[in-house]
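Data first, discussion second: the structure below is written as structure tokens.
No value in this document is a laboratory result; all are computed from the given coordinates. Since we're looking at a predicted model, the values are computed, not measured. Here the Cβ positions follow ideal geometry from the backbone for every residue, glycine too, while neighbour counts run over all protein chains shown.
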Amino acid sequence: MPHPRCKALLAAAALLAVACESSGPGGPTALGLTIQSPHGAEGAALISLVGPVDSVTRTAPGWLLAHRVADTTWVFAGLETAGILRFTVHVGGDGRLDGASLVEVSGPDDAPRADPDRYRLDIR
């Protein structure tokens, strides 16, 4: 049974499930985003992306919800089977994000990790 905190996070993310729109003159640039974990396999994560995000697509079986509020896109990603969390961000404008941060991560047991500051977002 999922941890109550993860249930609340899932419920909040479900309410935010909306597609993002807009694009720069040259079209969007695809950036790969991978969460580097000190623990290995993970289950889900909430990420904040700042900048002209057009859309976000998953690269592994699972689910992905994205919602844009002003210049920030909130991404909630999860895997069917715990593993490496990665997805593709399509960015308009100059093709760069103004910022990215990991808000929360849950392990394969759906329990939130206590050490999100030990994680790294790899964007290429």
- What is the set of long-range amide H partners of ALA30 at a cut-off below 5 Å, with H atoms built 1.01 Å from backbone N? VAL91
- Note on the structure: Applied in sequence order to the stretch 94-100, the curve 6.51 cos²θ - 1.76 cosθ + 1.60 (Karplus, θ = phi - 60°) yields integer Hz couplings, x standing for Gly and Pro, of 7, x, 10, 8, 7, x, 8
- Note on the structure: Between GLU104 and VAL69, the two model label points (7 Å from Cα along the beta-carbon direction) sit apart by a distance in nm of 1.4
